[in-house]
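K.L.:
There's a structure below that I have some questions on.
The values are calculated or read from the model by the stated rules, or taken from the named source; none is laboratory data. Computed from a predicted model, the values in this text were never measured in an experiment. Neighbour counts run over all protein chains shown; Cβ positions are idealised from the backbone, glycine included. Only protein heavy atoms, including side chains, enter the accessible area calculation; ligands, DNA and RNA are left aside. Shrake-Rupley method; radii C 1.70, N 1.55, O 1.52, S 1.80 Å.
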Amino acid sequence: METKYITLTKENIATEHICCTFSDKKCKESYELKKEWLRKEFDNGYVFRRLDERAKVFIEYVPAEKAWVPVDAPAYLMINCFWVSGQYKGCGHGKALLQSAIDDARAQGKAGLVTVAGTSKFHFMSDTKWLLHQGFQTVEKLSDGFSLLALKIDSEAPDPSFKTSVRSGECEEKNGVVVYYTNRCPFTEFHVRGTLAEVAERKGIPLKIIKLETMEQAQDAPTPATIFTLFYNGKFVTTDVSVCMEKRFEKIVGI
């Protein structure tokens with residue numbers, strides 16, 4: 001039987017799931033915020049394509065000029081989330097979804113595809129090693145562990161680059177915990193505003209939460225991981241939203 005993928009639209013998103021947290025009832029409000037974010041971004045050419053099953057198998061991408069990421073990549077498509085999980089790994093879904101993005105890029109006359117990944121594995125980021133095997137190349141690395149990967153269709157196109165705002169690996173606030181996040185992820189609103197806020201209060205740690213509400217704010221952020229990034233005393237710590245939970249917070253942040 002032929003594998004079926006579906007592309008979400010304003011017309012079907014109300015009745016279709018978006019893969020993450022569909023069984024996590026406590027994140028229901030955050031889940032709806034992600035859907036609302038998608039509805040708005042569809043007007044910017046945003047694509048959310050997934051396996052037509054109750055599974056976490058999907059890819060998201062958008063013209064890079066409209067991406068909520070601090071990267072300069074004119075005429076590229078920016079891959080955001082790209083995930084194949086559990087029993088669906090090794091079945092060809094990743095290659096099929098990536099090829100659909102490549103086909104879209106060719107049809108639109110794009111220079112290629114670009115994505116932000118971890119030089120070493122980072123949470124909520126695509127598998128760097130796998131992407132390199134698919135023909136992506138590393139065009140830039142940051143000292144805090146982020147890499148910018150590109151798959152060129154037009155070999156003469158300029159390389160994408162990180163924006164200046166992310167090059168230091170630090171944020172302006174130097175006191176306590178600072179979190180940047182968006183509704184690009186259906187986990188963040190619940191865990192940042194609820195779980196992490198409670199942990200910080202119990203520990204007596206200063207906490208500043210910065211929600212990136214617009215594309216322009218996200219493109220000027222001090223982190224390439226605008227889904228979620230935690231800084232401590234101005235230094236980058238993690239993109240792992242599980243740090244919001246107390247035991248993980250103590251292990252990752254060390255306090």
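K.L.:
On the accessible surface of the range 81-174, probed at 1.4 Å, how many percent belong to carbon and sulfur atoms? It would help to have the intermediate numbers written out before the result.
P.N.:
Numbers: 2400 of 5040 Å².
About 48 percent, which is the carbon plus sulfur part of the accessible surface.
K.L.:
Quick one: which residues, 5 or more positions from VAL71 or on another chain, have an amide H under 5 Å from its amide H? H modelled 1.01 Å from N in the peptide plane, none for Pro or chain starts.
P.N.:
LYS163
K.L.:
Under 14 Å from a point placed 7 Å out from the Cα of ASP220 along the Cα-to-Cβ direction: which residues of the range 157-175 have their backbone N that close?
P.N.:
In the range 157-175, the label zone of ASP220 (backbone N under 14 Å from the point 7 Å along Cα→Cβ) covers 164-166, 172.
K.L.:
Something else: For Cα pairs less than 8 Å apart in space and 6+ apart in sequence, what is the mean separation divided by the residue count of the range 1-70, i.e. the relative contact order in percent?
P.N.:
Numbers: 65 pairs, mean separation 25.3, N = 70.
Taking the mean separation of contacting Cα pairs over the length of the range 1-70, I get 36 percent.
K.L.:
Further, regarding this structure: Could you pull out every one of the aspartates and glutamates with an alpha carbon less than 13 Å from that of LYS121, ignoring same-chain neighbours closer than 8 positions?
P.N.:
In chain and number order, the partners are ASP144, ASP240.
K.L.:
Using the crude model of +1 on Lys and Arg Cβ and -1 on Asp and Glu Cβ, and no other charge, please compute the dipole size for the chain relative to its Cα centre, in debye to 20. Before the final figure, lay out each step's value.
P.N.:
Values: 35 positive and 34 negative charges, 152 e Å.
With only Lys, Arg, Asp and Glu charged at Cβ, the dipole is about 720 debye.
K.L.:
Can you return the lysines within cross-link range of LYS28? Criterion is Cα-Cα under 17 Å, with same-chain partners fewer than 8 residues away left out.
P.N.:
Reachable lysines: LYS56.
K.L.:
Oh, and also: Over the range 144-238, what is the percentage of antiparallel beta bridges among all DSSP beta bridges, to the nearest 5?
P.N.:
Of all bridge pairs located within the range 144-238, approximately 65 percent are antiparallel.
K.L.:
For labels at GLN137 and ILE13 in the simple 7 Å Cα→Cβ model, what's the distance in nm?
P.N.:
Rounded to a tenth, the inter-label distance reads 3.5 nm.
K.L.:
When the distances between all Cα atoms of the chain are binned every 5 Å from zero, what whole-number percent does each bin get?
P.N.:
1, 6, 13, 18, 19, 18, 13, 7, 3, 1, 0, 0
K.L.:
Right, next: Might you tell me the accessible area per residue for the chain, computed with a 1.4 Å probe and given in Å²?
P.N.:
Values: 12070 Å² over 255 residues.
Solvent-accessible surface per residue comes out at 47 Å².
K.L.:
Determine ³J(HN,Hα), in whole Hz, for all residues of the range 126-131 in sequence, where each value follows from phi through the Karplus function 6.51 cos²θ - 1.76 cosθ + 1.60 and θ = phi - 60°; x replaces Gly and Pro.
P.N.:
Those phi angles translate into 5, 6, 4, 4, 5, 4 Hz.
K.L.:
Run the quick spin-label model on LYS95 and ALA197: label points 7 Å from Cα toward the beta carbon, then report their separation in nm to one decimal.
P.N.:
4.7
K.L.:
For the chain, build the charge dipole from Cβ charges (+1 Lys, Arg; -1 Asp, Glu) around the Cα centre, then report which of THR3, PHE42, ILE102 sits farthest towards its positive end.
P.N.:
THR3
K.L.:
Given a Förster distance of 22 angstrom, what is the FRET efficiency for TYR5 paired with ARG39, based on the Cβ-Cβ distance and rounded to 0.05? Could the numbers behind the result be given before it?
P.N.:
Details: r = 20 Å, r/R0 = 0.91.
The formula returns an efficiency of 0.65 here.
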